[in-house]
1. In nm to one decimal, list the spacings between the residue A:224 label point and its equivalents in the other copies, with label points set 7 Å along Cα to Cβ, shortest first.
2. Just tell me how shielded B:242-248 is by partners: mean number of partner chain Cβ atoms within 10 Å of each residue's Cβ, no decimals.
3. In peptide A:89-100, what is the residue-averaged number of other protein chain Cβ atoms found within 10 Å of each Cβ?
4. Where does each of B:213, B:241 land when they are ranked from fewest to most other beta-carbon atoms within 10 angstrom?
5. Distance between Cα centroids, segment A:126-191 to segment A:214-263: provide it in whole Å.
6. P(r) of segment B:166-272 in 5 Å steps, Cα pairs, percent per bin?
7. Counting only residues 5 or more places away or on other chains, whose amide H sits under 5 Å from the amide H of residue A:153 once H atoms are built in the peptide plane?
8. Between residue B:81 and residue A:59, what's the calculated FRET efficiency when r is the beta-carbon distance and R0 is 60 Å? Round to 0.05.
2 protein chains.
Amino acid sequence: MKRTAFFISDGTGITAETLGQSLLAQFETISFNKLTRPYIDTPDKARAIVQQINAAADSDGARPIIFDTLVNQEIREILAESNGFMIDIFSSFLAPLEHELLSRSSYSVGKSHSIAHNTNYAQRIEAVNFALDNDDGARTHYYDKADIILIGVSRSGKTPTCLYMAMQFGIRAANYPLTEEDMECLQLPAVLKKQKHKLFGLTIDPDRLSAIRNERKPDSNYSSFGQCDFEVREVERLFKRENIHFINSTHFSVEEISAKILVEMGIERKLT
Amino acid sequence: MKRTAFFISDGTGITAETLGQSLLAQFETISFNKLTRPYIDTPDKARAIVQQINAAADSDGARPIIFDTLVNQEIREILAESNGFMIDIFSSFLAPLEHELLSRSSYSVGKSHSIAHNTNYAQRIEAVNFALDNDDGARTHYYDKADIILIGVSRSGKTPTCLYMAMQFGIRAANYPLTEEDMECLQLPAVLKKQKHKLFGLTIDPDRLSAIRNERKPDSNYSSFGQCDFEVREVERLFKRENIHFINSTHFSVEEISAKILVEMGIERKLT
């Protein structure tokens, strides 16, 4: 069965999209066509969306599901005239919250909501720049400023994880690749020994690593299963011997890996 | 007034956190201490969280607000015994959705929800790698594979925006810096002319640009207000003359800039 879902907002649409995707993921037997429609902030834009909703309703033979975080009442009323099934995120929860907090929300006052990212902006950009500048062992003399240093073999997922932690949580994450040379002598590089409390290991199944490396350097020793298997085994042995927490990234998303790392390291998110 | 808010999940906590932050942002007069507690998947972990909630309740003299996306009923019941005020995200919306979709959710069946990021994983990592490889004009011969190419002066926010679009939406975003040399002749570089339909401009207030550049290269011509003002004016003139859509990044978050770019370029999100 196929249904269409709309995530509609007068802002970025990220809240409607995140919640909507989580809710729809609970219905594993239904295939959803998901459409995000941000910045719907005028009656004209709302009327254009109503046409899209009604077209999807006709084509699916079923009501599209609408997740919205619209503040403006006039715009909400236009959408309510569509042939969609509305899940009303803000009004469901803001009334009980107003009661608990003894305070009226911007929503019920009719003011547009400004998500308070501006205070976080500088910190987040700084964290992203830190991750880029301290990627792949490029610089090691700023490790005292890092919140965390990921270590692992080449292509084990260190860079995307560092960037995600920077972008999403404002964490200063550096990463250092454990190369073949490091493995020969089976030692933690001197530059990392001083920062041992900040180290976190990433590992990965050798066959997955081999597949990833093959996309970069096909048919090389670097991407061979034998080499990947050797490196992963040596690195995992190092992690265990040095008591470095580590996680196997093979079956997790970047979000999951990042969230698990913060829990294991006891680091609080910095952007809230 | 100060209140504590907990975002509690048996997964990454991102849904509870995103929705909770949006809702709390509607209460501008209250200052919230926000704590995310992911991977609460055992009764023992739940009981430890109850202690944290009750400690916050004592210290604030008011009930902490709890946003949860817990699936397991036993764990939810332990949390319900705390001195917190629970906003129950899943159960509020899943019942009406089950009715509309004529289908039972994993939640009501008692199965843990798996957010379907795995199918998206490869595409997202590829997009992040594309952004890194095609950052700052480093490579231009893959521009035919790009979904979008951001252009602007140095430090106008191109790199974080490209990385965010890759990470959040799976968009292949390259970026090219317009340097002083490009400005002297006031021409679009040849390598960009061929890709004009993919170009999007970022601009920024000169005083903000000067402040950002000063952090990198203090007291340089590069970071002087005069130079920044000159570059921004020339680049905006170029955008207008060449009919290139552009946005001033000064007062927007990375999320907002990215979402607005997709709308203006008519590009659908690729990770849904």
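1. So the distances to the same position in the other copies read 5.9 nm.
2. Neighbouring Cβ atoms belonging to other protein chains average 0 per residue here.
3. 4
4. Fewest to most other Cβ atoms nearby, the residues stand as B:241, B:213.
5. Segment A:126-191 and segment A:214-263 have Cα centres separated by 14 Å.
6. Bins of 5 Å from zero give 2, 11, 19, 22, 19, 15, 8, 3, 1, 0 percent of pairs.
7. A:178
8. E between residue B:81 and residue A:59, to the nearest 0.05, is 0.80.
Throughout, read-outs are computed from the coordinates displayed, never taken from laboratory work. Small disclaimer: the values here were computed from a predicted structure and weren't measured. Neighbour counts run over all protein chains shown; Cβ positions are idealised from the backbone, glycine included.
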